[in-house]
Amino acid sequence: NAGVTQTPKFQVLKTGQSMTLQCAQDMNHEYMSWYRQDPGMGLRLIHYSVGAGITDQGEVPNGYNVSRSTTEDFPLRLLSAAPSQTSVYFCASSYSSGLASYEQYFGPGTRLTVT
Amino acid sequence: AQKVTQAQTEISVVEKEDVTLDCVYETRDTTYYLFWYKQPPSGELVFLIRRNSFDEQNEISGRYSWNFQKSTSSFNFTITASQVVDSAVYFCALSDGNQGGKLIFGQGTELSVKP
């Protein structure tokens, strides 16, 4: 199992450019999430999905779009990059059993710089 | 609203000292889950423990132990006989019962263990 994979590992964008961060998991997990990590602020949830075709906003969704057409993939799109989106982005997946919530498995992260 | 507070931003200890990382949480749900993650300097997020709100037993795993107290809404993490390899940022996180895709993270505590 590769677990959770993210591409690219590093990216530099100019203000106004758009791009897609890729995330894939091979564990057949129903839940997938995107977080951003900024110094002193921990990780903050951007968007999440509870299954194919179902997504919802997290704490900081503005400027980002997601879709989930398959169980495996959960891409994050930056519509028009801004310097405030300079951050490290983590994708995660997890499973549930009934009402129980289990740990999230994280990808290695994408370090994005917007100039 | 859910919230996780890790009041200690940075802690520095000398090897073999014991250290406790504090975590205080807020939630209105009766069913919830608490987690600790470790982020070493290499940047990946490593899952350490999951605890549900109905299980207040303390947990010990080698040099690591966790103290969950619902009365004070705390889930503290103690490392006994710290080692240089324990140097990392540690995050406490909260998830409500059926919200497997949503973790609320604390700001993180950076632990530095000096030889």
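The values are calculated or read from the model by the stated rules, or taken from the named source; none is laboratory data. All figures in this text were calculated on a predicted structure; none of them were measured in a lab. Positions of Cβ are backbone-derived with ideal geometry, glycine not excepted, and every protein chain shown enters the neighbour counts. Note: accessible area is taken over every heavy atom of the protein model, side chains too, but ligands, DNA and RNA are not part of it. Shrake-Rupley method; radii C 1.70, N 1.55, O 1.52, S 1.80 Å.
Computed across segment B:46-115, the Kirkwood radius stands at 13.6 Å (inverse of mean 1/r, all Cα pairs). Estimated at the nearest 10 Å², the accessible area of A:GLU30 is 70 Å² with a 1.4 Å probe.
Residues of segment B:94-115 whose accessible area, computed with a 1.4 Å probe over protein heavy atoms, drops by at least 20 Å² once all protein chains are present relative to their chain alone are B:GLY97, B:ASN98, B:GLY100, B:GLY101, B:LYS102, B:LEU103, B:PHE105, B:GLN107. Over the protein assembly as shown, accessible surface divided per residue gives 47 Å², non-protein components excluded, 1.4 Å probe. Where the centre of each part is set by its Cα atoms, how far does segment A:3-35 sit from segment A:40-115, in angstrom? Cα centres, segment A:3-35 to segment A:40-115: 8 Å. In the protein assembly as shown, the alpha-carbon atoms span a convex hull of 125 Å³ per residue. Rounded, prolate or oblate: pick one for segment B:1-99, where a ≥ b ≥ c are the square roots of the eigenvalues of its C-alpha gyration tensor, a/c under 1.5 means rounded, and failing that, prolate if a/b is larger than b/c, else oblate. Prolate, since a/c reaches 1.5 and a/b exceeds b/c. In segment A:16-37, the residues whose accessible area drops by at least 10 square angstrom when the other protein chains are added to the isolated chain are A:TYR31, A:TYR35, A:GLN37; the probe is 1.4 Å and only protein heavy atoms count. Rounded to the nearest 100, the interface formed by chains A and B buries 1800 square angstrom of accessible surface, both chains summed, with a 1.4 Å probe. Placing R0 at 30 angstrom, the Cβ-Cβ distance between A:SER69 and A:ARG111 gives a FRET efficiency of 0.70 after rounding to 0.05.
If the chain linking B:ILE11 and B:ARG63 were pulled fully straight, counting 0.36 nm for each residue of separation and taking away their Cα-Cα distance, it would gain 17.0 nm. Between the residues B:TYR32, B:VAL113, B:PHE68, the greatest Cα displacement towards the positive end of the dipole of chain B, with unit charges on the Cβ of Lys, Arg, Asp and Glu, is found for B:TYR32.
Residues of segment B:7-33 whose accessible area (probe 1.4 Å, heavy atoms of protein chains only) drops by at least 20 Å² once all protein chains are present, relative to their chain alone: B:TYR33.
Over all orientations, chain A has a Cα convex hull whose mean projected area works out to 6.9 square nanometres. B:TYR32 contributes about 10 Å² of solvent-accessible surface, heavy atoms of the protein only, 1.4 Å probe. The fraction of accessible area contributed by carbon and sulfur in segment B:22-83 is 44 percent, rounded to a whole number (1.4 Å probe; ligands and nucleic acids excluded). Over chain A, Cα pairs under 8 Å with separation of 6+ residues give a relative contact order of 35 percent.
Charge dipole (Cα centre; +1 on Lys/Arg Cβ, -1 on Asp/Glu Cβ; no other charges) of segment B:1-106 amounts to roughly 240 debye.
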